[in-house]
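Contents: one structure, followed by commentary.
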Amino acid sequence: MTTDHLSLFIMLSIKNLQARVEEKEILKGINLEVKAGEVHAIMGPNGSGKSTLASILAGRETYEVTGGSITFEGKDLLELSPEDRAREGVFLAFQYPVEIPGVSTINFLKTAVNAIREYRGEEAMDAVSFLKMMKEKTKVVEIDETLLKRSLNEGFSGGEKKRNEIFQMAMLEPKLAVLDETDSGLDIDALKIVANGVNKLRSKNNAVIVVTHYQRLLDYIVPDYVHVLYNGRIVKSGTKELALELEAKGYDWIKNENTAV
Amino acid sequence: MSDSNKILEELTQSDYKYGFVTNIENDSAPKGLSEDTVRFISAKKNEPEWLLEWRLKAFRHWLTMETPTWANVTFPAIDYQDIIYYSAPKQKISLSSLDEIDPELRATFEKLGISLDEQKRLSGVAVDAVIDSVSITTTFKGKLSELGIIFCSMSEAVHEHPELVKKHLGSVVPITDNYFTALNSAVFSDGSFCYIPKGVRCPMELSTYFRINAANTGQFERTLLIADEGSYVSYLEGCTAPMRDENQLHAAVVELIAMEKAEIKYSTVQNWYPGDKNGKGGIYNFVTKRAICAGDHAKISWTQVETGSSITWKYPSVILKGDYSIGEFYSVAVTNNMQQADTGTKMIHIGKNSRSRIVSKGISAGKSQNSYRGLVKVMPRAENARNFSQCDSLLMGDQCGAHTFPYIEVGNPSAIVEHEATTSKIGEDQVFYCNQRGIDTEKAVALIVNGYCKEVLNQLPMEFAVEAQKLLAISLEGSVG
Ligand SMILES: Nc1ncnc2c1ncn2[C@@H]1O[C@H](COP(=O)(O)OP(=O)(O)OP(=O)(O)O)[C@@H](O)[C@H]1O
Ligand SMILES: [Mg+2]
C-alpha cells in the first residue's frame, strides 16, 4: 500500500478541537489520538464537556465547531453528515437514549443495518439472516428478546436502555464506539454483562472510547489510556492507574493544578 | 426563517407520484347542473323510473340548500355549473373477459399498481375499478357468486337487484342529510354495491379502486354495503387522481349496514391529488360515510389513511342501534403544504351496552391545517354505553396547524365516555438518534411517523398496510420539524 501507514494506523485524530453552543465556549482545544485496537477512557467532572465531545464526534448540529479538526480513518469527519459517520463506522451509545414510540428495536435496527449496507454497496439483509444475527447478538449482551419487540426505549428502565445501546452496538459492529456513561444506572450484574459485550467487540481493528465517572467500569473494560477532561481541555492523560488515583483523590488536585497554571 | 425551516421548505416538494392522465375518449354530459343533467345521467344508465324520481327529489332539495361553512377549511365558492357530472370511457362495458378492456385503461390500472390480472391471480382481492363515473369491471364475480355474495357496480345492482337497492339506498344517509349528500343523490354516477348473505364469511378482501381521470369532472360515487345476519366482510377502498391545475370535486356517499352479529371492516387509503405546493389544483374530497349496526352484536370498523386531497371533509360515522353493538374508527390524516383536512367521526349510541372506540392520528406539515372533529352521542336508552377516544396530533415544522374539536353529548348517566388528546412534534433528538444509527433524515421521519400511526396501520389488511406506509413516507418527504 502506498498511503501513509501512520494515518491508517491512527483511526481517530482530534486536533485542537474547539466548540461552543449558544455563544458558550465548551471545548477549548482538545487533542486526542486513538489507534485501532485501543480503549480510551475519558473521565472528568460534571459539565466538563465529555458528552459535548461525544456529540460532536457523532455530528450533532447543536454544537458549533469553531476550530480544530477531526480525522477518522483519513477522512475529515467534520465534513460528513451524522448518518454517513455512522455508516463509516462511528457509533455513539447515548448517555440519554431517545424513545421512539411505535417503532420496535428490531424494526429500528433492521432499517439501520440496511441503510449501512446500502451505503457500502451491499444488498439488503433478508429477514431470516437478520433474525439469525439478532439471536446471536442477544446472547452476547444477554438482552431479553421481548424487550426488542417493544417500542424503542419507551418505558425501558434506565438499565434496559443502556443495555439496549450496547445491543445496538453489537448489531452494527462499528469501528469506533463511543460509550457515554453507559455504566451509569446499571446494577453490578448488568455492568459486567455490558462490559463483557464491549470486550467481545474489542479487536485489533476496532477502538472504543468510554466516558465514565467510575473506575469500577474500568475493572471490567481495561483501558489502554485514561484522560481527564476538565473545563473543555484534556488536562491529564495516563494509564489505568490514573483512574485509581482519581478515585482516591477526587478532581480537586487536578482543578488546583490547573488554576495554578 | 431558521435553517431547519428552510430545509423543510425545500424538501417538502415531493411530487405526486400518481399524476398521469390516461387518454381515453370520454362520453360526457355537457357542463352544468339542471334537472336535464339529472335526467341525462339517469337515461344514460337506463335507470328505472323510481330512481329517476329519487334523483330529482334530491336535486330539488339540493337547490334549497347552502354550502356548509362550519368546517375548519376555506376554499373559493364552487361553480356547480362549471362541472361535468357524467363522464364515461367510450366503450361498451359489458365485458365477459378482462382482455376486452381498452389497453389504455389497462395500462392505467397497471400504473396504479392494480393490475387486474395480477390481482386476480395472486392476491385474492376482488377489485371493482371505478374510473371517472363508470365501473369498468368486477373481477372474481364468479367465485363470489357461488357463496351468494353480490359484488358489482351500483348501476348493475340497480338492474339486477332492484329490491335490495330500493330498500337500502339512502336508508343510512338520507338524501337530505347535507348539501353534498343531496348533490350526490341527484347526480351519482356509479360506485360499488355489495351484499353478503346470512352467515357467510366473505373469503377475500373486496376492493374498489377509484380514480378521477377526465378534466373538470366531479366524481360522485355511491357505495352501498349490506352484511346480513352473522356475516363478515372486509372492504378496501383506494383512491388516486391525476394532477390537474383546477380543483376537482369529489362528493361520495358510502352507506354500510350490518345486521345482527354481522361485522364489516371498511378500510380506505385516500391519495387523491393534493394540489401543488402552493395549493393550486387538487381534489375537494367532501364525503359522507355512515354505517349502522342495525342488529344486536353487530360490529363496524372504519379505518382510514388520508394522505391526499387539497381539502378533506369527511366523518365516517357509526349509528350503534343494536344492543352490544361495536363501532370503531381508526384514522391517520396527513396534511402537507397547503392541504386542509377536517375529519373525524360520529359515534351515536342507541343500543344498550354499545361500545365505541376512536383512535385518530393527525399529522400536519408544511403550511397545512389538520382538524379532528368528533361527536360521541349517548342516547337516553343506551344503558352502559362506553366510548374511548384517543386523538393525537403530530406537528412538523412551525407553520402548520392542528386542531381538535371533540363534542360529547351524554344522555344516560350509566355511560362512560373517555377522551384523551396529545400534541407532539417530531423531536430533533429522535431524528438525530436515527441519524447516528446510519438512517438518513427522510427515512427517520418515515420511521417515526409510521411508529406514531402504528395502532391505526395495524388495523389495515397486510398488503394495504404496506402501501399505506409507503404513502405516508411519500407525502411527508422532507418535512422535518
Ligand atoms: N445545548 C446546550 N445548551 C447550553 N449549554 C449546553 C448545551 N449542551 C451542553 N451545554 C453545557 O456545556 C457544558 C458541558 O456539557 P456536557 O454535557 O458536555 O458535560 P459532561 O462532561 O458530559 O457532564 P456530565 O458528566 O454531567 O454528563 C455544560 O456546562 C452544559 O450545561
Ligand atoms: Mg455527559
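The values are calculated or read from the model by the stated rules, or taken from the named source; none is laboratory data. These figures come from a predicted structure and were not determined experimentally. Backbone-built Cβ (ideal geometry, glycine too); neighbour counts: all protein chains shown. Side chains included, ligands, DNA and RNA excluded: accessible areas come from the protein's heavy atoms. Shrake-Rupley method; radii C 1.70, N 1.55, O 1.52, S 1.80 Å.
If you check A:Ile26 against the conditions, is it within 14 Å of another protein chain (Cβ to nearest Cβ) and within 11 Å of ligand 1 (Cβ to nearest atom)? Answer is no for this residue. Contact map, segment A:186-209: first residue open to solvent by 60 Å² or more (accessible area, probe 1.4 Å), second residue not in a helix (DSSP H, G or I) and not basic (Lys, Arg), Cβ cut-off under 6 Å, separation 6 or more or different chains; pairs are A:Lys204/A:Gly37; A:Asn205/A:Ala36. Condition (residue is within 14 Å of another protein chain (Cβ to nearest Cβ) and either on the phi > 0 side of the Ramachandran plot or without any contact (Cβ under 8 Å) to a residue 24 or more places away in the chain (or both)) applied to segment A:157-176: is it met by at least one residue? Checked segment A:157-176: at least one residue is within 14 Å of another protein chain (Cβ to nearest Cβ) and either on the phi > 0 side of the Ramachandran plot or without any contact (Cβ under 8 Å) to a residue 24 or more places away in the chain (or both). Residues of segment A:16-60 that are of a type outside the set (A, V, I, L, M), in contact with a Gly (Cβ under 8 Å, 6 or more places away or on another chain) and away from ligand 2 (no atom under 16 Å from the Cβ): A:Asn16, A:Gln18, A:Glu25, A:Lys28, A:Gly29. When every residue of segment A:132-142 is checked against the conditions, none turns out to be surrounded by fewer than 16 Cβ atoms within 10 Å (Cβ to Cβ), away from ligand 1 (no atom under 15 Å from the Cβ), assigned to a loop (DSSP other than H, G, I, E, B) and basic (Lys, Arg). Here is the figure for segment A:40-83: residues that are without any contact (Cβ under 8 Å) to a residue 12 or more places away in the chain and more than 15 Å from ligand 1 (Cβ to nearest atom) total 2. For residues in segment B:425-446 being touching a helix residue (DSSP H, G or I) at 6+ places or on another chain (Cβ under 6 Å) and of a type in the set (A, V, I, L, M), which is nearest to A:Val113 (Cα to Cα)? Result: B:Ile439. Within segment B:443-462, the set of residues being in contact with a Leu (Cβ under 9 Å, 6 or more places away or on another chain) and more than 10 Å from every other protein chain (Cβ to nearest Cβ) comprises B:Val445, B:Leu460, B:Pro461. For segment B:443-458, filtered to residues that are open to solvent by 50 Å² or more (accessible area, probe 1.4 Å) and under 21 Å from the mean Cα position of the chain (by Cα), the residue that is nearest to B:Gly275 (Cα to Cα) is B:Lys454.
Confirm whether A:Ser55 is within 14 Å of chain B (Cβ to nearest Cβ) and polar (S, T, N, Q). Here the answer is yes, as A:Ser55 does meet what is asked. Within segment A:210-230, which residues are crowded, with 18+ Cβ neighbours inside 10 Å, within 13 Å of ligand 1 (Cβ to nearest atom) and part of a loop (DSSP other than H, G, I, E, B)? Passing the criteria: only A:Thr212. Number of residues in segment B:58-77 that are at pLDDT 80 or above and surrounded by 16 or more Cβ atoms within 10 Å (Cβ to Cβ) equals 4. For segment B:29-57, name all the residues that are surrounded by 15 or more Cβ atoms within 10 Å (Cβ to Cβ), outside any loop (DSSP other than H, G, I, E, B) and not charged (D, E, K, R). Result: B:Thr37, B:Val38, B:Phe40, B:Ile41, B:Ser42, B:Leu51, B:Leu52, B:Trp54, B:Leu56. Among the residues making up segment B:386-442, those that are loosely packed, with under 15 Cβ neighbours inside 10 Å, among the small types (Gly, Ala, Ser) and over 19 Å from B:Ala333 (Cα atoms) are B:Gly411, B:Ser414, B:Gly427. When segment A:103-118 is filtered for residues that are out of contact with any strand residue (DSSP E or B) (no Cβ under 7 Å at 6 or more places or on another chain) and more than 7 Å from chain B (Cβ to nearest Cβ), the ones remaining, listed by number, are A:Ile106, A:Asn107, A:Leu109, A:Lys110, A:Val113, A:Asn114, A:Arg117, A:Glu118. Inclusion of A:Gly68 among residues that are near ligand 2 (Cβ under 9 Å from one of its atoms) and either away from chain B (no Cβ under 11 Å) or in contact with a Phe, Trp or Tyr (Cβ under 6 Å, 6 or more places away or on another chain) (or both) is not warranted.
Only residues that are modelled with pLDDT under 80, crowded, with 19+ Cβ neighbours inside 10 Å and either hydrophobic (A, V, I, L, M, F, W, C) or more than 20 Å from the chain's Cα centre (by Cα) (or both) were counted across segment B:192-234, and they come to 3. Answer yes or no: is there a residue in segment B:174-184 that is at pLDDT 90 or above, open to solvent by less than 10 Å² (accessible area, probe 1.4 Å), outside any loop (DSSP other than H, G, I, E, B) and out of contact with any Phe, Trp or Tyr (no Cβ under 7 Å at 6 or more places or on another chain). Within segment B:174-184, one or more residues are at pLDDT 90 or above, open to solvent by less than 10 Å² (accessible area, probe 1.4 Å), outside any loop (DSSP other than H, G, I, E, B) and out of contact with any Phe, Trp or Tyr (no Cβ under 7 Å at 6 or more places or on another chain).
Tell me, which helices (runs of 4 or more DSSP H) wholly within segment A:1-118 include 2 or more residues that are surrounded by 14 or more Cβ atoms within 10 Å (Cβ to Cβ)? Can you show your working first?
Details: elements: A:5-9, A:50-58, A:82-88.
Per the criteria, A:50-58, A:82-88.
The condition (being more than 16 Å from ligand 2 (Cβ to nearest atom), away from every other protein chain (no Cβ under 12 Å) and of a type in the set (Asp, Glu)) is satisfied by just one residue among A:Asp126, A:Asp84: A:Asp126.
The rows are residues; the columns are (1) within 16 Å of ligand 2 (Cβ to nearest atom); (2) under 17 Å from A:Leu92 (Cβ atoms); (3) at pLDDT 85 or above.
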| position | (1), (2), (3) |
| --- | --- |
| A:Glu181 | yes, yes, yes |
| A:Ile193 | no, no, yes |
| A:Val198 | no, yes, yes |
| A:His213 | yes, no, yes |
| A:Asn231 | yes, no, yes |
| A:Asn256 | no, no, no |
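Evaluate segment B:292-309: report whether one residue or more is within 15 Å of the chain's Cα centre (by Cα) and open to solvent by 10 Å² or more (accessible area, probe 1.4 Å). Within segment B:292-309 (the criterion being within 15 Å of the chain's Cα centre (by Cα) and open to solvent by 10 Å² or more (accessible area, probe 1.4 Å)), the answer is no, since none of the residues qualifies. Can you pull out the residues in segment A:87-102 that are of a type in the set (A, V, I, L, M) and more than 7 Å from chain B (Cβ to nearest Cβ)? Of everything in segment A:87-102, those that are of a type in the set (A, V, I, L, M) and more than 7 Å from chain B (Cβ to nearest Cβ) turn out to be A:Val90, A:Ala93.
Across segment B:402-427, the number of residues qualifying as within 14 Å of chain A (Cβ to nearest Cβ) and over 33 Å from the mean Cα position of the chain (by Cα) comes to 0. Checking each residue in segment A:134-151 for being hydrophobic (A, V, I, L, M, F, W, C) and under 19 Å from the mean Cα position of the chain (by Cα) picks out A:Val140, A:Val141.
Could you tell me whether segment B:84-102 includes any residue that is modelled with pLDDT of 75 or more, within 26 Å of the chain's Cα centre (by Cα) and surrounded by fewer than 19 Cβ atoms within 10 Å (Cβ to Cβ)? Looking through segment B:84-102, none of the residues is modelled with pLDDT of 75 or more, within 26 Å of the chain's Cα centre (by Cα) and surrounded by fewer than 19 Cβ atoms within 10 Å (Cβ to Cβ).
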